[in-house]
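Notes follow the structure.
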Amino acid sequence: MAYTTQHSKHQRGFTLVELIVVITLLGIISLVTVGFITSTMQGYADLTRRDQLSSAVRVAVERMAREIRNALPNSIRVNASGTCLEFIPSLAASRYISVPLSASAAASSFPSVPFAVEPPIGRIAVYPIDTNTGDEPGRAAGLNPIYDLDSWSIISPMMSASSALESAAGTVNVLLNSAHRFPTDSPSKRYFIVDEPVSFCVVGTDLYRFQGQNGSSYSYAVNQLDGPALFANLVEPQEALLASDVVTPPDNTPFKYSEATLLRNGIVLFDLFIQDQQLSVADTTQESIRVQFEVQVKNVP
């Protein structure tokens with residue numbers, strides 16, 4: 001007689017404690033994952049915002065640096081508040097044979113080494129260093145002679161557009177609109193063709209470039225004009241906006257200039273703070289970005 005044995009299979013489920021533990025662990029993992037994703041996205045958003053905030057001023061700083069590197073030696077000056085930097089752009093340079101000096105009669109032309117191409121029209125600057133002692137008639141001691149235009153200043157009247165490239169003698173005659181004489185001879189017989197002055201100024205929360213123009217309200221002046229005066233009297237194209245959202249903390253100046261010494265060239269420092277003006281001070285995303293940049297300026301006249 002045969003017997004069959006049947007075995008019952010019991011299926012065991014989760015207990016309440018196990019379910020609570022699993023749910024708790026899943027919640028912790030979810031919180032960590034969401035926090036990681038949120039912080040990553042917030043970091044990317046912050047990086048994007050900062051990059052957008054500083055990109056415009058970086059472009060402006062690069063442009064200012066390029067122009068300042070081509071400035072006439074020793075022509076850079078910064079106003080008392082450090083909000084405005086002025087310089088004289090150098091268009092070209094060459095060497096002369098001789099120039100009319102203060103000890104000789106004024107002349108409206110001088111012989112020069114020939115140019116390879118037709119030079120731009122501007123003014124002539126010879127040996128641009130501050131040698132003013134007050135001995136020159138009509139000039140008080142302490143005034144910057146580089147920006148002081150008179151009948152025997154460092155910078156001459158405008159060139160004449162009729163100047164020839166080369167004469168039969170192998171030289172070129174540089175012609176001026178009126179007679180002039182220079183205060184000092186250059187040891188290397190070097191001269192510069194220069195344009196009207198240029199200023200970079202912070203006005204309010206905006207950074208502007210102001211281009212001088214002969215006969216306008218901004219040209220050569222012994223006393224440097226500040227940003228608000230230039231902004232009030234100039235329009236495009238003499239006035240151009242370079243960047244916005246520029247703030248000036250009480251203990252900071254946007255522009256600094258260290259004059260050249262025997263050991264180094266002159267140094268211009270841009271120290272700009274950028275802050276989104278559309279955000280309130282109480283906004284947690286409000287922050288300032290500091291952009292510092294140094295430019296070495298060659299000061300060999």
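Things worth noting here:
- Close pairs (8 angstrom Cβ cut-off, 6 or more residues apart or separate chains): among the β-branched types (V, I, T) in the stretch 64-81, assigned to a helix (DSSP H, G or I) and exposed (fewer than 13 other Cβ atoms within 10 Å of the Cβ) anywhere: none
- Selection status of V32, surrounded by 10 or more Cβ atoms within 10 Å (Cβ to Cβ), over 30 Å from V297 (Cβ atoms) and modelled with pLDDT of 75 or more: yes
- The stretch 245-259, subset at pLDDT 90 or above and under 19 Å from L72 (Cβ atoms), residue surrounded by the fewest Cβ atoms within 10 Å (Cβ to Cβ): S258
- Pick from the stretch 94-127, criterion under 28 Å from the mean Cα position of the chain (by Cα) and at pLDDT below 90, ranking: nearest to Q224 (Cα to Cα): P120
- Top-ranked residue of the stretch 226-245 - restricted to ones that are closer than 17 Å to L272 by Cα and of a type outside the set (S, T, Y), ranked as farthest from the chain's Cα centre (by Cα): D245
- Odd one out for P187, checked against (1) open to solvent by less than 50 Å² (accessible area, probe 1.4 Å); (2) more than 18 Å from A71 (Cβ to Cβ): (1)
- For the stretch 212-228, the criterion of being open to solvent by less than 50 Å² (accessible area, probe 1.4 Å), touching a Lys or Arg at 6+ places or on another chain (Cβ under 7 Å), modelled with pLDDT of 90 or more and under 19 Å from R77 (Cα atoms) is met by at least one residue.
- Qualifying positions in the stretch 59-73 - of a type in the set (V, I, T) and closer than 16 Å to D195 by Cα: I68
- Test: residue in the stretch 147-157 that is modelled with pLDDT of 90 or more, closer than 30 Å to P250 by Cα, assigned to a strand (DSSP E or B) and not charged (D, E, K, R): no
- Checking L262 against (1) assigned to a loop (DSSP other than H, G, I, E, B); (2) at pLDDT below 85; (3) within 20 Å of the chain's Cα centre (by Cα), the condition it does not meet: (3)
- The residues in the stretch 270-301 that are at pLDDT 80 or above and open to solvent by 40 Å² or more (accessible area, probe 1.4 Å) can be counted, and the count is 7.
- The condition (being open to solvent by 30 Å² or more (accessible area, probe 1.4 Å), among the hydrophobic types (A, V, I, L, M, F, W, C) and within 30 Å of P111 (Cα to Cα)) is satisfied by just one residue among L175, L242: L175.
- Scanning the stretch 192-211 for residues that are in a loop (DSSP other than H, G, I, E, B) and open to solvent by 30 Å² or more (accessible area, probe 1.4 Å) yields a count of 3.
- Single unsatisfied condition, T131 versus (1) open to solvent by 20 Å² or more (accessible area, probe 1.4 Å); (2) modelled with pLDDT of 65 or more: (2)
The values are calculated or read from the model by the stated rules, or taken from the named source; none is laboratory data. Because the structure is a prediction, the values reported are computed rather than measured. Glycine gets a Cβ as well: all are built from the backbone with ideal geometry, and neighbour counts include every protein chain shown. SASA here: full protein model, heavy atoms, side chains in, ligands and nucleic acids out. Shrake-Rupley method; radii C 1.70, N 1.55, O 1.52, S 1.80 Å.
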